[in-house]
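Here's the structure, in structure tokens; my notes come after.
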Amino acid sequence: MKVVPALSFEQARDCVLAQLSRHALAPAVEQVSLVDCLGRVLGEPIAADRDYPALPRAMRDGFAVRSADVPGTLRIVGEVRAGQRLDRELAAGETVEIMTGAPAPPGADAVIMVEHAMREGDRVTLPAANSGANINPAGIEAQKGDTVIPAGRRLGYVEIAALATTGCALVPVYRRPDVAILATGDELVGVEDTPREEQIRNSNAYSLAAQVTRAGGRPLILPVARDDWESTYSLVARGLASDLLLLSGGVSAGKYDIVERVLSGFGAEFFFERVAIQPGQPLVFGRAQNRFFFGLPGNPASTMVTFELFARAAVEALSGAPFTALPLLHARLRKPFRHKSGLTRFLPASLSDCGGWIEHVPWHGSGDVAALARANAFLVASASRESWDEGEWIPVLQR
């Protein structure tokens with residue numbers, strides 16, 4: 001097996017994106033109902049089925065006028081509410097009471113807000129108005145045939161409103177990728193089991209399943225692979241039948257860390273095997289049988305962080321979404337912070353809801369799930385810097 005040198009965080013991230021760009025194919029498109037498309041990735045562009053608005057539309061409650069007639073006192077000849085229309089043209093000296101969203105009558109080129117009107121019976125005194133005031137012209141929002149939502153957009157509530165507006169009851173979306181999740185290790189037992197003191201419950205499979213779902217994939221949790229060739233080989237074969245395989249554990253240099261040797265048995269090409277980050281240095285990324293795989297470290301924090309940094313991009317690409325930058329913010333340190341340079345560190349942190357302050361949450365290594373649960377973000381410490389003072393800005397990875 002070819003030994004691949006450790007990469008920096010930036011090099012590893014670039015490698016993942018480059019390989020996905022080169023080899024990941026656009027998934028098939030399927031139709032789902034409008035109520036089921038939240039979070040899916042649009043497979044085809046959606047175009048406006050007509051002009052929006054279809055007619056000039058009032059933006060305020062008030063009086064529709066010919067701007068040439070004001071200022072002055074006009075005769076009220078009718079009322080137009082949203083969902084109605086006045087078909088006859090407005091004549092000189094006439095006005096129509098109009099409600100927000102209603103189509104402006106022919107001949108009217110402005111709406112004067114009701115707050116500026118003085119009404120007496122069927123007559124109203126109005127100030128001057130510029131042509132176009134408080135009226136949205138027909139087609140100003142979108143013209144028939146214009147792209148309203150481009151393909152590749154992940155659908156949120158705003159996009160769903162646009163789909164409903166254009167009459168798209170069946171939505172073309174990319175098929176979600178099937179992502180196999182394979183935790184390895186003799187020490188693992190089921191969540192429902194009572195572990196012996198030397199055992200731990202298999203939390204990684206479930207945290208990864210949640211992360212995969214959030215990224216747009218369909219998780220498939222496989223049985224735990226024991227630390228022997230036969231068990232690991234048969235389960236890796238099952239995992240490679242999915243669109244993406246995520247392994248947790250078995251990628252360090254220990255005697256029973258056999259994941260890479262097993263993957264080599266499937267003709268795997270390894271793009272990298274170590275990344276200069278903490279947690280998560282032993283991290284494998286490669287391709288076997290035309291399927292990408294990630295060998296993630298087994299400690300929970302390492303598994304979570306390396307998925308967000310690297311594997312999430314693969315799930316999103318395989319679901320048809322475009323590449324996006326990591327969701328990094330910047331916050332001010334509540335206390336001074338130091339670390340040993342050389343590694344980019346992603347450490348559990350508490351980000352305040354207001355003020356943009358952050359502080360490192362004390363932890364006892366990447367297996368400390370309790371500390372992770374007390375945190376709500378990861379502080380990002382650069383590999384090239386050793387210390388930050390109180391109040392300095394530092395990058396933050398949202399969780």
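The values are calculated or read from the model by the stated rules, or taken from the named source; none is laboratory data. These numbers were taken from a predicted model, which means no experiment stands behind them. In this analysis, Cβ positions are derived from the backbone assuming ideal geometry, glycine residues included, and neighbour counts consider all displayed protein chains.
Within segment 353-366, the set of residues being over 15 Å from residue 381 (Cβ atoms) and either surrounded by 14 or more Cβ atoms within 10 Å (Cβ to Cβ) or in contact with a Ser or Thr (Cβ under 8 Å, 6 or more places away or on another chain) (or both) comprises 357 only. Here residue 117 fulfils each of the conditions (1) in contact (Cβ under 8 Å) with a residue 12 or more places away in the chain; (2) within 24 Å of residue 42 (Cα to Cα) apart from (2). Of everything in segment 115-160, what is over 21 Å from residue 102 (Cα atoms) and crowded, with 17+ Cβ neighbours inside 10 Å? Give them in sequence order. Passing the criteria: 148, 149, 151, 153, 154, 155, 159, 160.
Considering segment 212-241, and only residues there that are closer than 21 Å to residue 309 by Cα and of a type outside the set (A, V, I, L, M), the residue that is surrounded by the most Cβ atoms within 10 Å (Cβ to Cβ) turns out to be 217. For segment 62-99, give me each residue that is modelled with pLDDT of 95 or more, among the basic types (Lys, Arg) and farther than 15 Å from residue 135 by Cα. If the condition is that a residue be modelled with pLDDT of 95 or more, among the basic types (Lys, Arg) and farther than 15 Å from residue 135 by Cα, then 75 is the only one that fits.
In segment 128-137, the count of residues that are touching a helix residue (DSSP H, G or I) at 6+ places or on another chain (Cβ under 7 Å) and of a type in the set (S, T, N, Q) is one or more.
Of all the numbered requirements in (1) farther than 25 Å from residue 324 by Cα; (2) of a type in the set (Phe, Trp, Tyr); (3) in contact (Cβ under 8 Å) with a residue 40 or more places away in the chain, residue 285 misses one, and that requirement is (1). Just one of the listed residues (344, 324) is under 24 Å from residue 246 (Cβ atoms), buried (at least 19 other Cβ atoms within 10 Å of the Cβ) and either free of Cβ contacts under 8 Å to residues at least 40 places away in the same chain or not assigned by TED's automatic domain parsing to the domain that holds residue 151 (or both), and it is 344. Evaluation of residue 19 against the conditions (1) surrounded by fewer than 14 Cβ atoms within 10 Å (Cβ to Cβ); (2) at pLDDT 95 or above shows that the sole unmet condition is (1). Checked against (1) part of a helix (DSSP H, G or I); (2) touching a Phe, Trp or Tyr at 6+ places or on another chain (Cβ under 6 Å); (3) of a type outside the set (Phe, Trp, Tyr); (4) closer than 29 Å to residue 41 by Cβ, residue 371 passes all but condition (4). When the test is whether a residue is at pLDDT below 95 and touching a Pro at 6+ places or on another chain (Cβ under 6 Å), residue 179 does not pass it.
Which members of segment 334-368 meet the condition of being of a type in the set (Val, Ile, Thr), assigned to a strand (DSSP E or B) and under 20 Å from residue 302 (Cβ atoms)? Scanning segment 334-368 gives a single hit, 344.
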